[in-house]
Amino acid sequence: MQLKVEKLTHIYSEGLPFESLAMTDVSFTMEQGEFAALIGHTGSGKSTLIQHINGLLKPTSGHVYLDGVDVNEKSPEARALRRRIGLVFQYPEYQLFEETVLKDVCFGPKNLGLSEEEAEEVSREALALVGITGEKLERSPFNLSGGEKRRVAIAGVLAMDPELLILDEPTAGLDPRGHAEILDAVRRIREKKNMSIIMVSHNMDDVASLADRVLVLEDGRLIMDGSPREIFARGEELRAIGLEIPSAKDFMEKLAKMPALKEKGLEIDDGAITIDEAQEEILKLFGSKA
Amino acid sequence: MAIKDITLGQYYPAESPVHRLDPRTKIVGTVVYMVSLFCVNSFSAFALSILLLGTVIAVSKVPLRFIAKGLKPVLILIILTMLINLFLTPGELLLSLGPLKVTEEGIYRAAFMALRLVLLIFGSSMLTLTTKPIQLTDGMEALMKPFEKIGLPAHELAMMMTIALRFIPTLMDETDKIMKAQTARGADFESGNFKEKAKALVPLLVPLFVSAFRIAGDLAMAMEARCYRGGEGRTRMNPMRYSGRDGAAALILALYLAVIIFSRTLGLF
């Protein structure tokens, strides 16, 4: 589905002494199947923005449209569209509550009105997609590892078969293994389902390797919007607002500045943002020398 | 779902002499003021009470509408008390509506009661509006200290209150987060009959309890790691000190109390 955010402005606690402007005049459009990464410093409004997309927060002014329908309309149409959005919050494992993993994942589909059997079927499928199978389905969700709990929570949202999946820092606070498993799950979801995905992330390596569009928020404003290559080429600006660039890109930039390379008259393109791209560039260098 | 908008402890941040008063002065002052309200039995004495509280409110810079919000939950109680007093006080008959009789004494008592309740609520709200919850518990601990000799665990009680107050916003945030997450999974907390509503709370309460225990465990660990072992010999980061301001406040209060008591016993007003 198409997501269109138009001049979105949000003020928390309007009219009280603690009033604060969280979102100012944010506009962008996202088409079906796009994978956008949302980056920004802590407190830049990322969580505020994504909560507007399924109507959990109401804009102070501006609109959010899904396939041309305002999500905040009271019509059954808007209600149905809101249900097409799958929102996975930060630390989603804290929302688990059922006795078994399978039952917990069934909670969403059952709320959508699916029968017990149908719910179990879609739940098993969703769990397989995030790599949870076999006897783990009958375990208590509280007895799983941190990474597994989180994947179960993601499956809980996936089982509702959303058209737009929103992941709010899905890898925060996980060990490297848990981190890799979550990314694998995201990749599988991307391949198997034709879902649009918005991922909030602080890890620029993940952003570079997964996303095909990057939105940069700063102080409640959308200040950059483009392909990862375009955005990460503006490293100085990103650093100025407390963000980083992918480690591969950082490495290539440093490499390109090496005096030894200049002395030998070698030139290297520092545009690579992933390790694969960097490798290709470096191999080219060897090739030109040989 | 505006859980964040609920104010608890309802501290109103401002820079004023009332805010800067020592919490002990404010707690004792509030208690004295409340007691004085029950001694008052004439309109002129009430005028004095209103004048005192009005001055405190004006000096504190807390907007009146903020204080008036505290009246809302007890409005029904006030109206009920007024009605009961109005109709059921024996005395000189003024008006009778079937079984209901309005007497002169009834009108007085109804007015006194309503005034007293409103002043009680305003007075106690002023304490919580101008004192941070943590200062409040510090003040209470200091005031309860003398009773430690007879076995009252003053420090522990105050610490419990401090922790409870400190974690109310945290648990509110947590509730808000879990509620949103479950709403995103299609949970419905609003519609349905009582039984359905109670059942709908399970996906909220289970994670909330899990969180609460986790937070409690973490806090206990952090306190142990810093060698917390109760109040014995403990010093404070911000020791409470009486200042000239507190002396002035105590003096005003003592004067006020004296006038009220004299006027009652001597029937001055």
Would you list the P(r) distribution for region B:77-145, with all Cα-Cα distances sorted into 10 Å bins from 0 and each bin expressed as a whole %?
-> 20, 30, 18, 17, 12, 3
For region A:66-125, take the alpha-carbon Rg, divide it by the Kirkwood Rh, and send me Rg/Rh.
-> 1.05
Checking region A:189-290 for trypsin sites (Lys or Arg not before Pro) in a loop per DSSP with at most 13 other beta-carbon atoms within 10 Å yields A:257, A:264
Neighbour cut-off at most 16 other Cβ (10 Å), DSSP loop, GluC sites (Glu not before Pro), region B:127-213 = B:190
Along chain B, longest interval not containing exposed trypsin sites (Lys or Arg not before Pro), exposed being DSSP loop plus at most 13 other Cβ atoms within 10 Å = B:1-225
Loop GluC sites (Glu not before Pro), region A:9-105, which have at most 15 other Cβ atoms in a 10 Å radius of their Cβ (DSSP) | A:14, A:19, A:31, A:73, A:99
Of the listed pairs B:26/B:61; B:132/B:197; A:262/A:284, those with alpha carbons more than 25 Å apart are B:132/B:197
Give the calculated FRET efficiency between residue B:189 and residue A:72 to the nearest 0.05, with a Förster radius of 22 Å applied to their Cβ-Cβ distance.
-> 0.70
On alpha-carbon atoms, Rg over Rh for chain A using Kirkwood Rh?
-> 1.03
Size descriptor, Kirkwood hydrodynamic radius, that averages inverse alpha-carbon separations across region A:18-73, Å | 12.6
Using the Kirkwood formula on alpha carbons, the hydrodynamic radius of the protein assembly as shown in angstrom works out to 28.8
Under 15 Å Cα-Cα from residue B:149, which aspartates and glutamates qualify once same-chain neighbours fewer than 8 residues away are excluded?
-> B:141, B:232
Where in chain B are the DSSP H helices whose C-alpha atoms run 18 Å or more along the long axis and whose mean Kyte hydropathy is at least 1.6?
-> B:43-60, B:75-88
Starting from the exponent 0.38 and prefactor 2.2 Å, build the expected Rg for region A:70-198 from its residue count and divide its actual Cα Rg by it.
-> 1.02
Note: residue B:264 to residue B:225 extended length (0.36 nm per residue) minus current alpha-carbon separation gives 8.3 nm
Environment charge of residue B:123, counting only residues whose C-beta is closer than 13 Å and scoring Lys/Arg +1, Asp/Glu -1 = +2
Computed over region A:97-158, the convex hull of the Cα set has an average projected area, in nm², of 3.6
Return the whole-Å distance between the Cα centroid of region A:175-233 and the Cα centroid of region B:22-47.
-> 62
If one computes P(r) from the Cα atoms of region B:1-101, what percent of pairs lie at distances over 24 Å?
-> 44
Paramagnetic reach from residue A:227 (point 7 Å along Cα→Cβ, amide N under 16 Å) across region A:5-46 = A:34-37
Can you give the average number of partner chain beta-carbon atoms within 10 Å of each beta-carbon in peptide A:91-100, as a whole number?
-> 5
Evaluate peptide B:169-181: per residue, the Cβ atoms of other protein chains within 10 Å of its Cβ; return the mean as an integer.
-> 3
Specify the inter-centroid distance of region A:38-102 and region B:175-226, based on alpha-carbon positions, in whole Å.
-> 19
What does the convex hull of the Cα atoms come to per residue for region B:132-234, in Å³?
-> 142
Counting other C-beta atoms within 10 Å, which of A:106, B:39, B:227 has the fewest, and how do the rest follow?
-> B:227, B:39, A:106
Which whole number of Å³ per residue matches the convex hull of the alpha-carbon atoms in chain B?
-> 212
Check: C-alpha center region B:227-266 vs C-alpha center region B:97-114, spacing in Å is 39
The Kirkwood hydrodynamic radius of region A:169-284, taken as the inverse of the mean 1/r over all distinct Cα pairs, in Å, comes to 15.7
Region A:1-105, convex hull of Cα, quarter of hull surface, nm² -> 8.7
Do the alpha carbons of any pairs in A:4/A:103; B:72/B:145; A:192/B:180; A:7/A:254 sit beyond 32 Å of each other, and which pairs?
-> A:4/A:103; B:72/B:145; A:7/A:254
Bridge type composition, the protein assembly as shown - antiparallel percent by DSSP, nearest 5 = 55
How are the Cα pair distances of region B:12-171 distributed, in percent, across 10 Å bins from 0?
-> 10, 28, 30, 20, 9, 3
Highest-first arrangement of A:134-143, A:1-10, where packing means the average Cβ count within 10 Å = A:1-10, A:134-143
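Computed from the coordinates by the stated procedures, all read-outs in this text should not be read as laboratory data. Treat the numbers as computed from the prediction; the structure is a model and nothing was measured. Because the Cβ atoms are built from the backbone with ideal geometry, glycine has one as well, and the counts that use them run over all protein chains shown.
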